[in-house]
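Input: a single structure, listed below in structure tokens.
The values are calculated or read from the model by the stated rules, or taken from the named source; none is laboratory data. In this text, all values refer to a predicted model and were calculated from it rather than measured experimentally. Here the Cβ positions follow ideal geometry from the backbone for every residue, glycine too, while neighbour counts run over all protein chains shown. Ligands, DNA and RNA are stripped out before the accessible areas are found, and what is left, the full protein with its side chains, is counted by its heavy atoms. Shrake-Rupley method; radii C 1.70, N 1.55, O 1.52, S 1.80 Å.
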Amino acid sequence: AQTVTQSQPEMSVQEAETVTLSCTYDTSESDYYLFWYKQPPSRQMILVIRQEAYKQQNATENRFSVNFQKAAKSFSLKISDSQLGDAAMYFCAYRIQGAQKLVFGQGTRLTINP
Amino acid sequence: DGGITQSPKYLFRKEGQNVTLSCEQNLNHDAMYWYRQDPGQGLRLIYYSQIVNDFQKGDIAEGYSVSREKKESFPLTVTSAQKNPTAFYLCASSRRQDYTEAFFGQGTRLTVV
């Protein structure tokens, strides 16, 4: 079974600093896709960034970047220059190629301290 | 504007009653999903559908049922067999391509009274 584990239930960071959220996953598949979603207090899920497993280059979207370690099955999210609007629950998610099933981790609640 | 609409936003149900949560999308997406979110927890997959008239059980399908008669619609029925139905329910949809993300509705908060 595919599983996604986020080992940090809560994280906090000072505004303007950098924070890294961890995610590991368990799969025997070689082709898959990884996502980070953000859920602010409004509870609307928003895609932050995605990574294709066949790509060695780490994905980057403005202040958000990932550290994808395929052999270690690790997919961490780095948020640079943290802003108050980044405060939210962050979920790591996984989908194997050819399947529509999208599996989520337990989430990390990120607090930004002004 | 394209998107996913869930209704109602809040729903109250008496014990022993079935209740149906609505999910409609106008994004022309083939795949649709239902997730359950409990306080402080992640999203657990209830059911998903890849095409019309087809759906698969997720990790926690017991006590739930779905239908997919139209591409745009994927209603979820919470039956009386679901022992602990109070939760936040999220519907999502995506294109069939694997690299594409899922788009989510704004959720339905179901409370059993």
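Of note:
- Residue in the range A:68-79 that is away from chain B (no Cβ under 14 Å), under 30 Å from B:LYS9 (Cβ atoms) and either loosely packed, with under 13 Cβ neighbours inside 10 Å or among the hydrophobic types (A, V, I, L, M, F, W, C) (or both) present: yes
- Residues located in the range B:55-82, provided they are surrounded by fewer than 20 Cβ atoms within 10 Å (Cβ to Cβ) and not in a loop (DSSP other than H, G, I, E, B): B:GLN56, B:LYS57, B:SER65, B:LYS70, B:SER73, B:THR77
- Filter result for B:TYR47 (over 19 Å from B:PRO8 (Cβ atoms) and open to solvent by 10 Å² or more (accessible area, probe 1.4 Å)): yes
- Within the range A:12-41, the only residue that satisfies the criterion of being among the acidic types (Asp, Glu) and assigned to a strand (DSSP E or B) is A:ASP26.
Residues are listed down the side, and each one gets a yes or a no for (1) among the charged types (D, E, K, R); (2) touching a helix residue (DSSP H, G or I) at 6+ places or on another chain (Cβ under 9 Å); (3) modelled with pLDDT under 95:
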site: A:VAL19; (1), (2), (3): no, yes, no
site: A:PRO41; (1), (2), (3): no, no, yes
site: A:GLN44; (1), (2), (3): no, no, yes
site: A:LEU47; (1), (2), (3): no, no, yes
site: A:ASP81; (1), (2), (3): yes, no, no
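- Residue match in the range A:25-41 (condition: open to solvent by 60 Å² or more (accessible area, probe 1.4 Å), without any contact (Cβ under 8 Å) to a residue 40 or more places away in the chain and away from chain B (no Cβ under 14 Å)): yes
Yes/no per residue for (1) under 11 Å from the mean Cα position of the chain (by Cα); (2) closer than 22 Å to A:LEU47 by Cα; (3) more than 12 Å from every other protein chain (Cβ to nearest Cβ):
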{"site": "B:TYR47", "(1), (2), (3)": "yes, yes, no"}
{"site": "B:LYS57", "(1), (2), (3)": "no, no, no"}
{"site": "B:GLU72", "(1), (2), (3)": "no, yes, yes"}
{"site": "B:LEU90", "(1), (2), (3)": "yes, yes, no"}
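- The selection criterion, being in contact (Cβ under 8 Å) with a residue 40 or more places away in the chain, within 10 Å of chain B (Cβ to nearest Cβ) and either closer than 25 Å to B:ASP59 by Cβ or surrounded by 13 or more Cβ atoms within 10 Å (Cβ to Cβ) (or both), does not hold for A:GLN44.
- For the range B:17-39, a tally of residues being open to solvent by 60 Å² or more (accessible area, probe 1.4 Å) and over 18 Å from A:GLN44 (Cβ atoms) returns 4.
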